[in-house]
Structures are given as C-alpha cells and as structure tokens.
1. Name the single residue, out of those in segment 290-310 being closer than 19 Å to residue 56 by Cα and not hydrophobic (A, V, I, L, M, F, W, C), that is most open to solvent (accessible area, probe 1.4 Å).
2. So, in segment 353-370, of the ones that are assigned to a strand (DSSP E or B) and open to solvent by 40 Å² or more (accessible area, probe 1.4 Å), which residue ends up nearest to residue 333 (Cα to Cα)?
3. Out of segment 263-274, which residues are charged (D, E, K, R) and outside any loop (DSSP other than H, G, I, E, B)?
4. Tally up the residues in segment 246-275 that are more than 21 Å from residue 161 (Cβ to Cβ) and either open to solvent by 50 Å² or more (accessible area, probe 1.4 Å) or of a type in the set (Lys, Arg) (or both), please.
5. Pull out all pairs, ordered by first then second residue, where Cβ-Cβ is under 7 Å, the residues are six or more apart or on different chains, the first lies in segment 235-254 and is in contact (Cβ under 8 Å) with a residue 12 or more places away in the chain, and the second is assigned to a loop (DSSP other than H, G, I, E, B) and hydrophobic (A, V, I, L, M, F, W, C).
6. When you look at residue 161, is it open to solvent by 30 Å² or more (accessible area, probe 1.4 Å), modelled with pLDDT of 75 or more and small (Gly, Ala, Ser), yes or no?
7. Please pick out the residue among 21, 34 that is more than 31 Å from the chain's Cα centre (by Cα), in a helix (DSSP H, G or I) and either at pLDDT 85 or above or farther than 30 Å from residue 389 by Cα (or both).
8. Being surrounded by fewer than 19 Cβ atoms within 10 Å (Cβ to Cβ), under 19 Å from the mean Cα position of the chain (by Cα) and assigned to a strand (DSSP E or B) is the filter here; which residues of segment 48-64 pass it?
Amino acid sequence: MKRKTWIIGGAAAVLLVLAVAWAFAPKPVEVELAPVTQGPFETTIDEDGKTRLTDRYVVSAPLAGQLTRITLKEGDAVTAEMPLAQLSSILPAMLDERTRRELQARVEGAQDNVLRATSRSARAQVSLDQAKGDVRRSEQLAQQGIIAPAKVETDRLTAVGAQRELEAASAERRMATHELEQTQAAISATSAGARKSSFTVRAPSAGRVLRVLQTSEGAATLGTPLMEIGDTQRMEIVAELLTTDALVARPGSRVMIERWGGLTPLEGRVRSTEPAAFTKVSALGVEEQRVRVLIDITSPQQVWQALGDGYRVSVRIVTLAESKAVQVPVSAVFPLPADRADSASGKPTTAPRYAVFVADGGRARQVLVELGARNGSTAWVRSGVAPGQQVIVYPPATVKDGQRVAARKS
C-alpha cells in the first residue's frame, strides 16, 4: 500500500513538473507564411498619359478677304483637297504693289518648301529601302544562328520607323504643294479685274475636323486660323516621366496601356524620348524634372478606334522582364545591418545585404538572399531560396534565427 502511494505521488509530481514546464515554456510565434514561387517577373514604370494625334494641321486663311460661313462641324470627315471654306476679295489693298510683292515672295518660299519636302521624301525612301534590306539580311543570319533574335527585332523596329518617316515626309510634301497652289492662286486673285473673285481653301490631308476656330461669316486677315484637322487613325500616347525613369524607358520597350475605357489593356512600344526636359510642380507642391516619352499603339486599330485626341490613359512601361524568376513577397525581404552582414568574413563592405526568414521544421531560419530586382509586390531572388519553401511575411521583431514559429490561422 505504501509503495503504491509512492508511485502515485511520484507520477503526480512528474505530471505537475511537466505542466509547469509547459506553462512557462516559450510558445511558438504566430507568423504569416507565403510560398516561394517561380514564374514571370516584370518591373514597370506606372504613369498617366494622354493620347495625341500624330499629324495635326491648322488650316489658316492664305490671304485677307471675306470669309463665308463654315458649315463643317467637329467630327466631320474630310478628304484631301476637299473644299473647307470660301474667301472673296473685298479690300482694294489686295491689289496694291506691296501685297503683290509679298505674295510673290510667298510663292518663291513655297516653291523652296516643295523642293525641300521632295528631297526629304526621297531621303526617307532610301532609308526605308535600306532598313528593309537590313531586315531581310538579319532574318537570314538569325535563321543560321549567326546573330541574336534581338537584332532582328531592332531592325524591324527601325524599318517601321523608316516607314513612318516616309509617310510624314510624303504628307509634308503634299502640304508644301498645297501651300504653293494656294499662294499661286492668291497672287492670281489679286490681279487687275479680279476684285470680285473668290478663293477656295482646301484640306491639306484626309482626316476629321477637330475644331472649327472661325464659324461665323466675316472678314479674315492673312493667316487667321480657320480650323484644325487630323487623322484620328494615327494616334500616339504622350507620357510625362521623371527624368530618372525616362533613362530606363528605352525605345522599343513594351508598354501596357490601361484605364483607356476598354475591357483589356492595349499593347504599345516606346518610340522615342524628347531630348529636353521641363519643370513641373506636383500635387504636393514639389518641383520635378520631367520629360515627354512618345509611345506608339501596336494593338489593332479597330480595337481602340473609339479613342480620340487628348484622352487620358495609364501606361505601364516594362523596364525588366524575366520569364522564370524565383520570387518571394517583397514584404518578406529585410536588409541586414552592416555588422551582421560582415560578421562571416570580418571584412568591411558597402554592398547592401538582404535576408529572409524561411520556416523549416517549425523554426525560423535566417537565409541570405541575392536580389535581382523588386517591384511593388514581389522580389526576384537570384539565390538563397528555392521554389516550394515557405517564407515569413512581415516578420515581427520577436522572430530570431532558430525561433519556434507557427503559421497564423486565418
């Protein structure tokens, strides 16, 4: 009986000691875990932008006269050489010697503009032929594995740019020819006996009426703006980036155009960056140096045909893309102090070091990682962790290397 009592008392004492040890033992720290994944990774520059017509023309009065009422409205389609307005001579000053000489000088200047535009068009045609030849040679060399596919893409973009340069040069030549015809007609209208003659102002190019600047009938002086026209099927996007961001938004970079009104984002490419920056005051009153970046829309025109001039959009310019990147949440990465980062080698260094806490067998293990890049949500890890591992997101200050942890229940 006495032995049995001792056994029961001993067992009770052991249970009491275990209970006290369990009560005072440190409990695992509850943490939030996230898996290490592998997949596409991108860094982007997000900014607002607005649409702009690539070609815009301001039609003005080529001579002073009486302007009849313009019947065209905003949005009306016009064709090249279509009559836009009618001017009739009303002032004797249109027949004086000074006006005649001025018009003659304008004719000579317009002739020079035609020659210059013709030369530019021929030069653009040569550049286009050369660019197409480069594309054909690059495609052949790429098929043989001599050059990289990126060179083929660069040559194709150069050919596209040359094609657009030729189109712009052709439009400039048509505009110069139209101005020459206008000035020649104007000087003919000022000849003797032509006081009651009229002059027709015609469209320099096909497109749509953007704005009618002079709607009412009345006297128009030389150079009075009458209307603006442009081709709404040739649209570009202008984004004002910080100069530090514009340096990495290189020509040819992929652009995703969002919040434009459609269900899916549009695709685009950075065409060029303007060479001159400007100062802009932000909403917080901070002066910023910004520069305009021009973006071409590469999605089919029928998808975004509802876009107009001056519409607001959001652009995401891709500056870095990796197809198979090991990624962790950016909130799981934390920097190491310099003394802890250098304790392994004992040598001074200025390079930043980063680490994450990996959940391994119920304990937190601090692991050094090498970062490739970071965006707003994830970090690209070059080395240190592997897909499938669990990392601690927003690690609390109580978590140390070797600390017992448990996943927080949702």
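1. Out of the qualifying residues, it is 305.
2. Start the filter on segment 353-370 by keeping residues that are assigned to a strand (DSSP E or B), which leaves 354-360, 363-370.
So of that shortlist, the ones also open to solvent by 40 Å² or more (accessible area, probe 1.4 Å) come out as 354, 360, 363, 365-366, 368, 370.
Working: 354: 7, 360: 17, 363: 17, 365: 13, 366: 11, 368: 10, 370: 10 Å.
My answer is 354.
3. Kept after step one, since they are charged (D, E, K, R), are these residues of segment 263-274: 267, 269, 271, 274.
Of everything in segment 263-274, those that are charged (D, E, K, R) and outside any loop (DSSP other than H, G, I, E, B) turn out to be 267, 269, 271.
4. Number of matching residues: 6.
5. Correct list of pairs: 235/307; 241/249; 243/277.
6. Numbers: open to solvent by 30 Å² or more (accessible area, probe 1.4 Å): yes; modelled with pLDDT of 75 or more: yes; small (Gly, Ala, Ser): yes.
Criteria met by residue 161.
7. Numbers: 34 fails: in a helix (DSSP H, G or I).
That would be 21, the only listed residue that is more than 31 Å from the chain's Cα centre (by Cα), in a helix (DSSP H, G or I) and either at pLDDT 85 or above or farther than 30 Å from residue 389 by Cα (or both).
8. 48, 50, 52
The values are calculated or read from the model by the stated rules, or taken from the named source; none is laboratory data. Worth saying up front: this structure is predicted, and the values here are computed from it rather than measured. Quick reminder, even Gly has a Cβ in these numbers, built from the backbone with ideal geometry, and neighbours come from all protein chains shown. Ligands, DNA and RNA are excluded from the accessible area calculation, which covers all protein heavy atoms including side chains. Shrake-Rupley method; radii C 1.70, N 1.55, O 1.52, S 1.80 Å.
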